[in-house]
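What follows is a short report on a single structure.
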Amino acid sequence: MSSASTSAKQAAPASTRDKPANKAEAAADWVDGRLGIYSLAKANLRKIFPDHWSFMLGEICLYSFIIIILTGVYLTLFFKPSMGEVIYNGSYSPLDGIRVSEAYASTLNISFEVRGGLLIRQIHHWAAIVFVAAMFVHMMRVFFTGAFRKPREINWLFGFLLLFLGFFDGFLGYSLPDDLLSGTGIRFMEGAILAVPLVGTYISFFLFGGEFPGTDIVPRFFTIHVLLIPGIMLGLLVAHLILVFYHKHTQWAGPGKTEKNVVGMPLMPVYMAKAGGFFFLVFGIIAAMSAIASVNPVWAYGPYRPDQVSTDAQPDWYMGFAEGLIRVMPGWEIRAWGHTLNLGVFIPLMLFPLVLAAIAVYPFIEGWITGDKREHHILDRPRNAPVRTALGAAWISLYLVLLSGGGNDLIATHFHLSLNDITYFVRIGSFVVPVVVFFVTKRWCLGLQRRDKEKVLHGRETGVIKRLPHGEFIEVHAQLPQGTLHTLTSHEQYEPVELPAEVDENGVARKVGLATKTRAKLSEGYFGEGNQIPKPTPEEHKEITSGHGHH
Amino acid sequence: MSHDMSDDKLPQAHAAGEGHGEAAVADNPFADPGLPPHEPRRTDIDERAAKRAERQVSLLFIVSMLATVGFIASYVSIDADRIVYIFPLGHISALNFALGMTLGVALFCIGAGAVHWARTLMSDVELPAERHAIEADDETRADVIEQFKTGAAESGFGRRKMIRNTLIGSMALVPLSGVMLLRDLGPLPEKKLDVTGWNEATPNAPIRLVNMNTNEPMKAEDIAVGSLTFAKPGPSALRPAGLQESDEDFQEAIAKDALMLIRIQPNDIKDADSAALGFEGVLAYSKICTHVGCPISLYEQQTHHALCPCHQSTFDLSDGARVIFGPAGHPLPQLKIVTDASGYLVAPGGFEHPVGPSFWERSE
Ligand code: FES
């Protein structure tokens, strides 16, 4: 309202800055006057990044994603996403004169006629494999160190979505060349969609533009593969990185490192050089891999035909777990009221996202059990969170068991085993193995905790044997330096939540809800007796060190 | 829920913020002694070592430049179809190998140089930076909530219930237009999945079985006991030339019509109905797996088992293609075959059951 009265003469504040010292400063001043870069850079130019090799895993994801986009753009310049039929007469003679789709023909063209096209195709595919693998390992790093705890739960979800979309886009990209192997994958997808009760048939007809395979699926997948999903992923990725920047990195416990600081080296120059250099390392290695190892040689498979199949039909490894689910499932089919419910396909189809969803919501479950509302920036050593670590290991073992189910034919031929036996093993193993792995891992963690405690209280073995006056031989133990003592004892130990007393102070019976009871049970399972080794206290340490010197 | 979540249940290590001072160190052996002093590297104290590192970094960058030149040279000088033998990779494209290796080296050396530079010559002094709580302080929180309430009150959103409710209703409905627009992605399924090309056949106008490889009609004696033959529909009123690869809808048609022919000694056939559908021990089954639709291609003649290579569903072809192992939920549909006047195998009608993977509307 008052602006009406402000005179037009009252100009914006004039710059009172001194003359810039040189051209570069002058240019920076110019940009700052438009974009305000100085204020932005003030907080970030010397932003501290802690150094640990495992933080590179996330970088590998980022860089391989960039490589995928760069090579992907190149491929779109040559690829024809069409199922229109042509007679192939390019330079790959074994397929000369064969009726193929334009998608397949242009893939061959990229591989054999476009100079460097094969290399870019290979880099694109290799980078995709590296991308998904790195996301897996990166996610494991975050999981096993508890880096997903407050304030980073949302970023865990972003990362999870990226992994999920990465799977999906990988599958779509794999399908585009319209070769015999990829067509088999799409047929699988059609069968899976048809197994959806009520709407499956309709979804399938709308997706394929009619009956399988039709001529629409490749152009449709193309748009989703190059536009829709990468667009979403790019948005998620930026959000993910903004949050990493905003939260600052986590760090391992150690002398001088607290929840209130972050210790490391500044963005400029060290981190810039290391991270920037690392991009080139990743790119260089992927390029060399693509020169050496051929992946997805579609010309060897031939064009897709629904009545043909190559015996080694295998999905990319990251889909192996879904493939395993589908292979080991018994063929249950229910028929009632003139309808068919194909549980043999539908159950695996539902289990796949359910297992993933369990991983996605894990941070919230753990947060609920601990009831801890504080921020966490110091990482847990996996051994100090035995139940979490054991759960993670159980998940991985389930993945591996199902993967071996997905590769049962390969295992059978390579190790001369009965295919059926492998399937029976996987059917039972998917229930038994994760449980066994859970308990073994937990015990292992507890053993390691005990060893830490021993080290803290009795020092480190020096390998020096001393003979005491009365003839006894002992090994001299050396006191650990204070920094190490601190590192080994600074982790958190939660106490299990107790149920409130059955009656309150006034003797009135309390209502204890199911949620509270469940939570107490889970909490007991995580932090109760036998699920963690009480860490040494300064008093214990003093008592032992002051008493007898030789220990 | 707060009664059992009191803070005293939480570990105190970080909350208490153990002191970093000398005093704390004296009476608590586990206290944080603070950042250790910086240890200089060789390159920090020895100028000759630093110079050597500098030369190494530059060398890496120079190698990168040379590799890029090599990339360009390979691109213009090597033919795209040149194949070379390189141990242990075998026969590979020379151009792909040369381009990939030079590009790889060019990129890798830039990275290696930068990392080596950072590790040897840039400062490696670790510095602490403070963190600030993500949560706002109470004052900011109160302030924002106050502002929001003012805004909400000024909008009258809470007061004018009718506007609010109709807004919610319209917002809830408007996405339906988007869903509707997806309808024309494809036709409705109708009964399309229930029929195949063989449904064109009638007892009066049967369709011949044509060998998939030779394109010739087949007689029963062409099929040896224990062999597996693939067939497709021959001429019909709708397709006078039979199903041809050049047909526009060939892929859709073959995805349902493909047949698998086997011949079993008639007394080895366990299922009488199945034997009746065949002709002198020649049985015609759908080639499309009833699990998710892979074509079945493996047949073991001693056991009469057919195995789908995709997920290993195993069907006993001597017993009505019953599923004996694997994830398929029902047998392979069988096509009734007879012979025509000239002794060729023909189908007098379609499959009794829909072929391929099962679906909700599929009835038995
Ligand atoms: S498609 Fe044949 S077993 Fe799955």
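The values are calculated or read from the model by the stated rules, or taken from the named source; none is laboratory data. Because the structure is predicted, anything quoted here is derived from the model rather than measured. We place every Cβ from the backbone using ideal geometry, glycine too, and count neighbours over all the protein chains shown. Note: accessible area is taken over every heavy atom of the protein model, side chains too, but ligands, DNA and RNA are not part of it. Shrake-Rupley method; radii C 1.70, N 1.55, O 1.52, S 1.80 Å.
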field: Relative contact order [Cα under 8 Å, 6+ residues apart], segment A:85-229, whole percent
entry: 16 percent
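Pop the C-beta distance of A:ILE396 and A:ARG450 into the FRET formula with R0 = 22 Å and round what comes out to the nearest 0.05.
Working: r = 24 Å, r/R0 = 1.09.
It comes to 0.35.
With +1 assigned to the C-beta of every Lys and Arg and -1 to the C-beta of every Asp and Glu, and no other charges, what is the dipole magnitude of segment B:198-344 about the Cα centre in debye, to the nearest 20?
Values: 10 positive and 18 negative charges, 34 e Å.
Once rounded to the nearest 20, the dipole reads 160 debye.
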field: 5 Å-binned pair-distance histogram of segment B:56-98 (Cα, whole percent)
entry: 5, 22, 20, 16, 17, 12, 7, 1
field: Inter-part distance where segment B:101-149 and segment A:450-513 are each reduced to a Cα centre, Å
entry: 35 Å
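Using a probe of 1.4 angstrom, how much of the accessible area of segment B:227-364 is carbon and sulfur, in percent?
Numbers: 2410 of 4810 Å².
Carbon with sulfur: 50 percent of the solvent-accessible area.
What shape does segment B:265-364 take by its C-alpha gyration tensor, where a ≥ b ≥ c are the square roots of the eigenvalues and a/c under 1.5 counts as rounded, a/b above b/c as prolate, and the rest as oblate? Write down the numbers at each step before the final one.
Details: a/c = 1.95, a/b = 1.34, b/c = 1.45.
Oblate, since a/c reaches 1.5 and b/c is not below a/b.
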- request: Report, ordered by chain and residue number, the lysines lying within cross-link reach of A:LYS42, taken as a straight Cα distance under 27 Å and ignoring same-chain residues fewer than 8 apart.
  value: A:LYS19, A:LYS23, A:LYS150, A:LYS248, A:LYS257, A:LYS260, A:LYS274
message: Net charge around A:LYS248, counting only other residues with Cβ within less than 12 Å of its Cβ (Lys, Arg = +1; Asp, Glu = -1)?
response: +1
- prompt: Using a simple charge model, +1 on the beta-carbon of Lys and Arg, -1 on the beta-carbon of Asp and Glu, nothing else, what dipole does the protein assembly as shown show about its Cα centre, in debye to the nearest 20?
  reply: 1860 debye
field: Chains A and B, summed buried accessible surface - 1.4 Å probe, Å², nearest 100
entry: 10100 Å²
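Output the Kirkwood hydrodynamic radius of segment A:267-388, Cα pairs only, in Å rounded to one decimal.
Values: mean 1/r = 0.0481 Å⁻¹.
One over the average 1/r among Cα pairs gives 20.8 Å for segment A:267-388.
Heavy-atom accessible area per residue, segment B:200-348, 1.4 Å probe: how many Å²? Intermediate results must be reported in sequence, preceding the final value.
Details: 5770 Å² over 149 residues.
Result: 39 Å² per residue.
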field: Dipole moment magnitude, nearest 20 debye, segment A:327-474 about Cα centre, only Lys, Arg, Asp, Glu C-beta charged
entry: 600 debye
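Per-residue mean of other chain beta-carbon atoms within 10 angstrom of the beta-carbon, peptide A:186-193?
So the per-residue partner count for this stretch is 6.
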task: Eight or more residues apart or on different chains, and alpha-carbon atoms under 30 Å: count the Lys pairs in chain B matching that.
output: 24
field: Cα-based equivalent ellipsoid, segment A:75-204: semi-axes from gyration tensor eigenvalues, Å
entry: 36, 22, 10
message: Can you give the local net charge around A:PHE49? Use residues other than it whose beta-carbon is closer than 12 angstrom to its beta-carbon, Lys and Arg +1, Asp and Glu -1.
response: +1
- prompt: Relative to the longest principal Cα axis of chain B, at what angle does helix B:138-155 sit, 0 to 90 degrees, rounded to 10?
  reply: 50 degrees
query: Using the alpha-carbon centroid of each, what span in Å lies between segment B:257-328 and segment A:22-37?
result: 77 Å
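Summing Lys, Arg as +1 and Asp, Glu as -1, what charge do residues with Cβ under 12 Å from the Cβ of A:ARG115 carry, A:ARG115 excluded? Working shown, then result.
Numbers: positive: B:ARG82; negative: A:GLU113, B:ASP79, B:ASP81.
My count for the surroundings of A:ARG115 gives -2.
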task: Any chance you could give the angle, 0 to 90 degrees and rounded to 10, that helix A:272-292 forms with the longest Cα principal axis of chain A?
output: 40 degrees
query: Taking the Cα atoms only, what angle lies between the long axis of helix B:94-120 and the longest principal axis of chain B, rounded to 10 degrees?
result: 20 degrees
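Taking each residue of A:369-380 in turn, how many C-beta atoms of other protein chains fall within 10 Å of its C-beta, and what is the average? If you can, show how the numbers build up before the last one.
Values: counts 0, 4, 8, 5, 4, 6, 5, 1, 2, 2, 0, 0.
For peptide A:369-380, the averaged partner shielding equals 3.
Provide the gained length on full extension for the span A:ASN420 to A:GLU113, in nm with one decimal, where the gain is 0.36 nm per separating residue minus the Cα-Cα distance. Walk me through the intermediate numbers first.
Details: separation 307, 0.36 × 307 = 110.52 nm, distance 4.46 nm.
That works out to 106.1 nm of additional length.
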- prompt: Residue-wise, which Karplus ³J(HN,Hα) couplings in Hz belong to segment A:341-352, taking 6.51 cos²θ - 1.76 cosθ + 1.60, θ = phi - 60°, and x for glycine or proline?
  reply: 10, 8, 5, x, 9, 5, 4, x, 4, 7, 5, 3
message: Tell me which of B:SER93, B:HIS132, B:VAL105 sits at the most positive position along the dipole axis of segment B:66-139, charges placed on C-beta atoms (Lys, Arg +1; Asp, Glu -1).
response: B:SER93
task: Pop a pseudo-label 7 angstrom from the Cα along the beta-carbon direction at both B:ASP137 and B:LEU298 and give the gap in nm to one decimal.
output: 7.1 nm
query: Dipole of the protein assembly as shown (Lys/Arg Cβ +1, Asp/Glu Cβ -1, origin at the Cα centre): which of A:TYR271, A:LEU70, A:VAL114 lies farthest to the positive side?
result: A:TYR271
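Any idea what diffusion coefficient the protein assembly as shown gets from Stokes-Einstein, in µm²/s, Kirkwood Rh on alpha carbon pairs, 4 °C, 1.567 mPa s? Each step should come with its number before you reach the end.
Values: Rh = 33.3 Å.
After rounding, the answer is 39 µm²/s.
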query: What whole number of Å gives the distance from the Cα centroid of segment A:147-217 to the Cα centroid of segment A:257-329?
result: 18 Å
query: When Cβ neighbours within 10 Å are restricted to other protein chains, what is their mean count per residue of peptide B:75-82?
result: 2
